[in-house]
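Below: one structure, written as structure tokens.
The values are calculated or read from the model by the stated rules, or taken from the named source; none is laboratory data. This one's a predicted model, so the numbers in the text were calculated from it and none came from an experiment. Cβ placement follows ideal geometry from the backbone for every residue including glycine, while neighbour counts extend to all protein chains displayed. We work out accessible area using only protein heavy atoms, side chains counted, and drop any ligands, DNA or RNA first. Shrake-Rupley method; radii C 1.70, N 1.55, O 1.52, S 1.80 Å.
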Amino acid sequence: MRNVYLDYSATTPVKDEVLQEMIPYFSEKFGNPSSLYDKGLEAKAAVTHAREQVASLIGAQPREVFFTAGGTESDNWVVFGVADKLKDKGNHIITTKVEHHAMLHSCQFLEKHGYDVTYLDIDKDGRIRPEELEAAITEKTILISIMMVNNEIGTVQPIKELAAIAKKHGVLFHTDAVQALGNVPIDVKNLGIDLMSMSSHKIYGPKGSGALYIRRGVRLSNYLHGGAQESGRRAGTENLTGIVGFGKAAELAQKNFDQHVAHCSSLRNHLVERVLAEIPDTFVNGTMEYRHPGNANITFKYIEGEAILLLLNQSGISVSTGSACSSASLEPSHVLSALGVPVEMIHGTVRFTVGDLTTMEDIDYTVDTLKKVVSRLREISSVNTEKGW
């Protein structure tokens with residue numbers, strides 16, 4: 001049976017070049033970067049090099065990159081770090097209804113402790129309206145956080161325009177770039193970003209390693225307290241192997257960027273074209289113009305996405321019905337709800353995300369299998385096209 005992995009937005013395999021870079025740091029070069037003898041200095045040099053690699057990918061200075069355990073920690077650090085540091089200035093945060101739960105749940109926690117949060121709507125394409133952001137800013141606004149690329153529908157937000165509005169009003173601007181890193185061009189200086197979250201395992205690096213970009217001059221309270229690691233801003237012995245792997249993955253992402261985007265876009269477009277042409281009563285969620293190159297979020301009317309997922313899995317095909325972080329939830333996708341997709345159709349939605357190891361043969365096998373699966377499910381469904389929803 002063919003094995004086809006189409007859930008690259010959930011996680012990616014560690015590339016061999018990344019693994020080979022990491023291996024010596026498990027056993028031979030295992031030193032603590034805080035130690036002053038040779039093995040420690042060797043480890044510290046590796047962390048420094050990785051910091052340079054990540055910084056180069058996003059157009060930052062190495063001293064502006066702080067390693068974390070992943071995107072969730074980075075998001076939490078921003079929310080709670082800014083809230084604490086600027087509590088005397090104000091208690092208002094602006095974000096969107098389609099953020100990752102790492103941001104939404106953090107903001108909801110702050111609401112229980114006296115903070116006000118504005119959750120912006122999206123338009124029919126899944127994008128934020130800049131004028132609505134500007135209208136939401138008040139004298140008490142201390143943070144604006146808008147993700148660069150949505151993890152479910154792949155929509156790319158107009159970050160440069162949104163960040164300019166924040167700067168105009170003297171408000172810190174953060175973006176969760178976990179899905180964007182390595183998939184869309186990022187230059188933090190050109191975009192005007194103050195804070196940006198990143199994760200290694202979305203760009204063919206190891207899990208458990210991430211980073212937060214903090215523009216020089218931006219101050220926020222520490223999220224983890226203890227030792228003086230990461231220039232005294234993030235305590236805890238560094239995840240040496242994870243950081244080394246993240247650095248190498250960032251280097252490869254920068255080197256192979258154009259090839260990666262062209263490859264993923266071609267396969268994604270072929271998938272979408274075949275599905276829409278050969279499977280009736282289907283539609284793509286979100287704009288195709290401003291979109292993650294590997295993302296295809298498709299609704300199949302009259303059937304359940306979970307059933308599609310399970311039957312595709314029986315044929316060796318791995319897909320998702322939404323964010324991997326909320327895959328166990330029975331609640332309808334908050335992203336598709338914000339997009340205006342009816343609840344019954346939300347449950348018939350599948351997310352396909354392609355990557356560097358995906359082939360055209362994988363896509364054709366998937367669509368051929370998908371046609372049979374959808375046809376079978378619609379035949380046995382108690383709801384059909386004549387009855388409607």
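Somewhere in segment 168-182, is a residue open to solvent by 50 Å² or more (accessible area, probe 1.4 Å) and under 14 Å from the mean Cα position of the chain (by Cα)?
no
Which one is most open to solvent (accessible area, probe 1.4 Å) among residues in segment 331-353 that are farther than 29 Å from residue 266 by Cβ and part of a loop (DSSP other than H, G, I, E, B)? Please lay out each step first, then the result.
Of all residues in segment 331-353, those farther than 29 Å from residue 266 by Cβ come to 331-332, 334, 337-338, 340, 342-344, 347.
Then drop every residue that is not part of a loop (DSSP other than H, G, I, E, B), which leaves 331-332, 340, 342, 347.
Details: 331: 139, 332: 44, 340: 57, 342: 54, 347: 63 Å².
This residue is 331.
What about residue 223, is it open to solvent by 50 Å² or more (accessible area, probe 1.4 Å), in contact with a Phe, Trp or Tyr (Cβ under 9 Å, 6 or more places away or on another chain) and not acidic (Asp, Glu)? Quick ask: steps written out before the conclusion?
Working: open to solvent by 50 Å² or more (accessible area, probe 1.4 Å): yes; in contact with a Phe, Trp or Tyr (Cβ under 9 Å, 6 or more places away or on another chain): yes; not acidic (Asp, Glu): yes.
Taking the combined requirement at face value, the residue satisfies it.
Say whether the condition of being touching a residue at least 40 places away in the same chain (Cβ under 8 Å), open to solvent by less than 30 Å² (accessible area, probe 1.4 Å) and basic (Lys, Arg) is met by at least one residue in segment 275-293.
yes
Taking residue 186 and the conditions (1) more than 27 Å from residue 22 (Cβ to Cβ); (2) aliphatic (A, V, I, L, M); (3) open to solvent by 10 Å² or more (accessible area, probe 1.4 Å), which numbered condition does it fall short on, given that it satisfies the others?
Among (1) more than 27 Å from residue 22 (Cβ to Cβ); (2) aliphatic (A, V, I, L, M); (3) open to solvent by 10 Å² or more (accessible area, probe 1.4 Å), the lone unmet condition for residue 186 is (1).
Within segment 119-134, is there a residue that is farther than 27 Å from residue 239 by Cβ, touching a Gly at 6+ places or on another chain (Cβ under 7 Å) and either surrounded by 24 or more Cβ atoms within 10 Å (Cβ to Cβ) or of a type in the set (Asp, Glu) (or both)?
The answer is yes, given that some residue of segment 119-134 is farther than 27 Å from residue 239 by Cβ, touching a Gly at 6+ places or on another chain (Cβ under 7 Å) and either surrounded by 24 or more Cβ atoms within 10 Å (Cβ to Cβ) or of a type in the set (Asp, Glu) (or both).
For residue 336, are the conditions met, namely being of a type in the set (A, V, I, L, M, F, W, C), out of contact with any Phe, Trp or Tyr (no Cβ under 9 Å at 6 or more places or on another chain), without any contact (Cβ under 8 Å) to a residue 12 or more places away in the chain and over 28 Å from residue 58 (Cα atoms)?
It is false that residue 336 is of a type in the set (A, V, I, L, M, F, W, C), out of contact with any Phe, Trp or Tyr (no Cβ under 9 Å at 6 or more places or on another chain), without any contact (Cβ under 8 Å) to a residue 12 or more places away in the chain and over 28 Å from residue 58 (Cα atoms).
Can you tell me which residues in segment 183-200 are under 19 Å from residue 51 (Cα atoms), among the aliphatic types (A, V, I, L, M) and either assigned to a loop (DSSP other than H, G, I, E, B) or over 14 Å from the mean Cα position of the chain (by Cα) (or both)? It would help to see each step written out before you state the result.
Keep residues of segment 183-200 that are under 19 Å from residue 51 (Cα atoms), which gives 185-189, 193-200.
Now drop any that are not among the aliphatic types (A, V, I, L, M), which leaves 186, 188, 193, 195-196, 198.
186, 188, 193, 195 - these are the residues of segment 183-200 that are under 19 Å from residue 51 (Cα atoms), among the aliphatic types (A, V, I, L, M) and either assigned to a loop (DSSP other than H, G, I, E, B) or over 14 Å from the mean Cα position of the chain (by Cα) (or both).
Taking only pairs six or more apart or across chains, which ones have beta-carbon atoms under 6 Å, a first residue in segment 161-177 that is part of a loop (DSSP other than H, G, I, E, B), and a second residue that is among the aliphatic types (A, V, I, L, M)?
Correct list of pairs: 169/137; 171/144; 177/148; 177/196; 177/198.
Just give me the residues in segment 12-57 being in contact (Cβ under 8 Å) with a residue 60 or more places away in the chain and among the β-branched types (Val, Ile, Thr), in sequence order.
12, 14, 18, 47, 54 - these are the residues of segment 12-57 that are in contact (Cβ under 8 Å) with a residue 60 or more places away in the chain and among the β-branched types (Val, Ile, Thr).
Need the failing condition index for residue 356 against (1) open to solvent by 20 Å² or more (accessible area, probe 1.4 Å); (2) in a loop (DSSP other than H, G, I, E, B); (3) farther than 24 Å from residue 201 by Cβ, just the number.
(3)
Considering only segment 135-162, state which residues are within 23 Å of residue 214 (Cβ to Cβ), open to solvent by less than 10 Å² (accessible area, probe 1.4 Å) and within 12 Å of the chain's Cα centre (by Cα).
Across segment 135-162, the qualifying residues are 146, 147, 148, 149.
Select from segment 297-307 the residues that are not in a loop (DSSP other than H, G, I, E, B) and not hydrophobic (A, V, I, L, M, F, W, C) and write down the one among them that is nearest to residue 278 (Cα to Cα).
299
Starting from segment 230-250, keep only residues that are closer than 16 Å to residue 26 by Cβ, then list their pairs with residues that are of a type in the set (Asp, Glu) whose Cβ atoms are within a distance under 9 Å, requiring at least 6 positions of separation or different chains.
238/230; 244/21; 245/21; 247/21; 247/52; 248/17; 248/21
Specify the residue that is farthest from residue 19 (Cα to Cα); the eligible residues are those in segment 251-274 that are touching a residue at least 60 places away in the same chain (Cβ under 8 Å) and either touching a Pro at 6+ places or on another chain (Cβ under 8 Å) or among the basic types (Lys, Arg) (or both).
Out of the qualifying residues, it is 274.
Are there any pairs with C-beta distances below 8 angstrom linking a residue in segment 361-389 that is under 19 Å from residue 306 (Cβ atoms) and in a helix (DSSP H, G or I) to a residue that is among the charged types (D, E, K, R) and modelled with pLDDT under 95, with the two at least 6 apart or on different chains, and if so which?
Here the result reads 377/304, each pair linking segment 361-389 to a residue that is among the charged types (D, E, K, R) and modelled with pLDDT under 95.
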